[in-house]
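**Q** What follows is a structure written as structure tokens; I'll ask about it next.
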Amino acid sequence: MFDLGGFSSPFNGDKDSKKLSNSGTIEFVCEEHLYGVLPEPIPANKVLPEWYKDLEGKMGKGLGKSTVKRCMPFLDAMTAGWILPLPADTEVDYNTAKGDAEFSWNFNRTTVSSHAPAQIGGDNHPMGGKGVLKFHNYWAMRVPEGYSVLFTPPMNRVQPQFQVFSGIVDCDNYFNYINFPFIWTGGDFHGVLDKGTPVIQAIPFKRDAMLGDGEVRAMSESELEDKNKTQRILNSDESNYRNERWEGKNASRVVDRD
């Protein structure tokens, strides 16, 4: 389902395309004539939504007044990895009653195309009746050996018009464009999705760092005491997790191309 092969034009990469990155960075590369034309992938921590930037940390004075602006788990999810944007202005004419969806653009590459609804089970899928589309992406990715990339809808960034599917691609073994299937959720709509609209969040991770084994059991007495102690501390200091327990994460950043 996650589209690894449906491209509007071939991409052969360059002479180094088979030599995967070992530099400890994720590299986003495009065809030379598109460089400077396509909006570039952006570190997720550099493109916070306006509603979030405008939000105050507190709803007022007193306890229990914090907003998500002070919630570090919320921020960590929102700012992990990279945002891949829509490559060009794309006009949308979606008529729910007719079941028609038309997309158009002036760009010289396809920005949106369709999947067969049967690929997700048709009407058996909870949203299969809405039809399945895909955003085309013209950035290929290189990552160090042993790394995969999680592609997921931008976390904690509500996008009412469309819902993108998630997928994991072993990008150390796959150098090509990756397109992103989605379902239109915006109902009747006639307007333009702007070039640069956040489409997908790309989070590289090392495969052998994933925890595969798990254990399910009741808490021990000492664990119950540890949990209760943590709660008592949080009850006495509502910012304890933020100030004492939270660990800063490696921030994504663009490095010098030289």
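**Q** So which residues in region 173-209 are aliphatic (A, V, I, L, M), at pLDDT 90 or above and more than 22 Å from Leu48 (Cα to Cα), if there are any at all?
**A** Step one: filter region 173-209 for residues aliphatic (A, V, I, L, M), giving 178, 183, 192-193, 199-200, 202-203, 209.
With at pLDDT 90 or above added as a condition, the list becomes 178, 192-193, 199-200, 202-203, 209.
Scanning region 173-209 gives Ile178, Ala209.
**Q** Return the residue satisfying two criteria in turn: it lies in region 26-45 and is outside any loop (DSSP other than H, G, I, E, B) and in contact (Cβ under 8 Å) with a residue 40 or more places away in the chain, and of such residues it is surrounded by the most Cβ atoms within 10 Å (Cβ to Cβ). Before you say what the answer is, go through the steps one by one.
**A** Step one: filter region 26-45 for residues outside any loop (DSSP other than H, G, I, E, B), giving 27-29, 32-34, 42-45.
Adding the requirement that they be in contact (Cβ under 8 Å) with a residue 40 or more places away in the chain leaves 27-29, 34, 42-45.
Working: Glu27: 16, Phe28: 18, Val29: 18, Leu34: 14, Ile42: 17, Pro43: 15, Ala44: 23, Asn45: 18.
Across region 26-45, the extreme among qualifying residues is Ala44.
**Q** On the basis of being within 28 Å of Glu27 (Cα to Cα) and under 24 Å from the mean Cα position of the chain (by Cα), does Lys69 make the cut? Give the steps one after another, and end with the answer.
**A** Working: within 28 Å of Glu27 (Cα to Cα): no; under 24 Å from the mean Cα position of the chain (by Cα): yes.
When the stated conditions are applied, Lys69 does not pass them.
**Q** Also: Counting just the residues of region 153-177 that are touching a strand residue (DSSP E or B) at 6+ places or on another chain (Cβ under 7 Å) and among the hydrophobic types (A, V, I, L, M, F, W, C), which one comes out surrounded by the most Cβ atoms within 10 Å (Cβ to Cβ)?
**A** Filtering region 153-177 for residues that are touching a strand residue (DSSP E or B) at 6+ places or on another chain (Cβ under 7 Å) and among the hydrophobic types (A, V, I, L, M, F, W, C), the one surrounded by the most Cβ atoms within 10 Å (Cβ to Cβ) comes out as Cys171.
**Q** Mind checking which residues of region 68-82 are part of a helix (DSSP H, G or I) and of a type in the set (A, V, I, L, M, F, W, C)? Full working, then the answer.
**A** Going through region 68-82, the residues part of a helix (DSSP H, G or I) turn out to be 68-70, 72-79.
Scanning region 68-82 gives Val68, Met72, Phe74, Leu75, Ala77, Met78.
**Q** Would you say Phe74 is at pLDDT below 95 and touching a strand residue (DSSP E or B) at 6+ places or on another chain (Cβ under 7 Å)? Give the steps one after another, and end with the answer.
**A** Numbers: at pLDDT below 95: yes; touching a strand residue (DSSP E or B) at 6+ places or on another chain (Cβ under 7 Å): no.
In short, no.
**Q** Further question on the same structure: List the pairs whose first member sits in region 136-152 and is crowded, with 21+ Cβ neighbours inside 10 Å, whose second member is among the charged types (D, E, K, R) and not in a loop (DSSP other than H, G, I, E, B), and whose Cβ atoms are under 8 Å apart, counting only residues at least 6 apart or on separate chains?
**A** Met141/Glu27; Arg142/Glu27; Val143/Glu27; Tyr147/Lys206; Tyr147/Arg207
**Q** Oh, and also: Mind listing whichever residues of region 174-216 are in a loop (DSSP other than H, G, I, E, B) and either touching a Cys at 6+ places or on another chain (Cβ under 7 Å) or among the acidic types (Asp, Glu) (or both)? Reasoning before the result, please.
**A** Filtering region 174-216 for residues in a loop (DSSP other than H, G, I, E, B) gives 174-179, 185-188, 194-197, 210-216.
Once the filter is applied, which keeps residues that are in a loop (DSSP other than H, G, I, E, B) and either touching a Cys at 6+ places or on another chain (Cβ under 7 Å) or among the acidic types (Asp, Glu) (or both), region 174-216 yields Asp188, Asp194, Asp213, Glu215.
**Q** Further question on the same structure: Can you name the number of the only condition in (1) among the β-branched types (Val, Ile, Thr); (2) without any contact (Cβ under 8 Å) to a residue 40 or more places away in the chain; (3) assigned to a loop (DSSP other than H, G, I, E, B) that Thr230 fails?
**A** The single condition Thr230 does not satisfy is (3).
**Q** What tally of residues in region 223-252 results from selecting those that are surrounded by 10 or more Cβ atoms within 10 Å (Cβ to Cβ) and closer than 24 Å to Leu84 by Cβ?
**A** Number of matching residues: 3.
**Q** Can you tell me which condition Arg232 does not meet? The list is (1) out of contact with any Asp or Glu (no Cβ under 9 Å at 6 or more places or on another chain); (2) within 25 Å of Lys134 (Cβ to Cβ); (3) not polar (S, T, N, Q), and all the others hold.
**A** (2)
**Q** Scanning region 178-196 for residues that are closer than 21 Å to Thr96 by Cβ and of a type in the set (A, V, I, L, M), which turns out surrounded by the fewest Cβ atoms within 10 Å (Cβ to Cβ)?
**A** Filtering region 178-196 for residues closer than 21 Å to Thr96 by Cβ gives 181-193.
So of that shortlist, the ones also of a type in the set (A, V, I, L, M) come out as 183, 192-193.
Numbers: Ile183: 20, Val192: 12, Leu193: 23.
My answer is Val192.
**Q** So which residues in region 87-120 are in a strand (DSSP E or B), of a type in the set (Gly, Ala, Ser) and at pLDDT 90 or above, if there are any at all? Spell out how you get there, then give the answer.
**A** Of region 87-120, the ones in a strand (DSSP E or B) are 90-95, 100-104, 112-115.
With the extra rule that they be of a type in the set (Gly, Ala, Ser), the set shrinks to 101, 104, 113-114.
Those that are in a strand (DSSP E or B), of a type in the set (Gly, Ala, Ser) and at pLDDT 90 or above: Ser104, Ser113.
**Q** Condition test on Ser220, is it closer than 23 Å to Lys46 by Cα and either free of Cβ contacts under 8 Å to residues at least 24 places away in the same chain or surrounded by fewer than 16 Cβ atoms within 10 Å (Cβ to Cβ) (or both)? Step through it out loud before you land on a result.
**A** Values: closer than 23 Å to Lys46 by Cα: no; either free of Cβ contacts under 8 Å to residues at least 24 places away in the same chain or surrounded by fewer than 16 Cβ atoms within 10 Å (Cβ to Cβ) (or both): yes.
Criteria not met by Ser220.
The values are calculated or read from the model by the stated rules, or taken from the named source; none is laboratory data. Being a predicted model, the structure only gives us computed values, none of them experimental. Backbone-built Cβ (ideal geometry, glycine too); neighbour counts: all protein chains shown.
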